[in-house]
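The values are calculated or read from the model by the stated rules, or taken from the named source; none is laboratory data. Model, not experiment: these values are computed from the prediction. Glycine gets a Cβ as well: all are built from the backbone with ideal geometry, and neighbour counts include every protein chain shown.
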Amino acid sequence: MDYLQKKTQSKDSVQELILNGKNIVFKKNDYPHIFVEIRFNHNDIDGTRKWRIIFKNSEFHTSEIVINIPSKTESKFDEYLGGYKHHIVCEASVIVFKDNIANIW
């Protein structure tokens, strides 16, 4: 299932599918240039939402991430917080969530 193609599917319901281990696919072919930011989720309480994956103005949580493409770190100043946010970034062709694990290619 491609969430970005299924506009009737809400972000929250896709997040529940991810946490329940379902297979969710985001493809570059349908949406060019999937610029991905990865951050640690400080609000996670049980390990199921340890990582935040942010792309296309959406954020999804997962327990583990496997990055299969070149990536780098980046820091951005956040005026609202008055400090820097640090994250890992990459340019993905495909993001697959399965068994609450994200694989990024």
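Table: residues versus (1) under 14 Å from residue 103 (Cβ atoms); (2) in contact with a helix residue (DSSP H, G or I) (Cβ under 6 Å, 6 or more places away or on another chain); (3) modelled with pLDDT under 95.
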| site | (1), (2), (3) |
| --- | --- |
| 6 | no, no, yes |
| 10 | no, no, yes |
| 36 | yes, no, no |
| 40 | no, no, no |
| 45 | no, no, no |
| 49 | no, no, no |
| 56 | no, no, yes |
| 69 | yes, no, no |
Checklist entry - Which numbered condition trips up residue 27, out of (1) at pLDDT 95 or above; (2) under 15 Å from the mean Cα position of the chain (by Cα)? => result (1)
Checklist entry - Given the conditions (1) closer than 23 Å to residue 14 by Cβ; (2) aliphatic (A, V, I, L, M); (3) loosely packed, with under 10 Cβ neighbours inside 10 Å, which single one is not true for residue 95? => result (3)
Next on the checklist: Within the range 15-66, take every residue that is of a type in the set (Lys, Arg) and in a loop (DSSP other than H, G, I, E, B) and give me the one that is nearest to residue 89 (Cα to Cα).
Outcome noted: 56
Item to check | Residues of the range 40-92 classified as within 21 Å of residue 21 (Cβ to Cβ), loosely packed, with under 12 Cβ neighbours inside 10 Å and within 15 Å of the chain's Cα centre (by Cα), total | outcome: 1
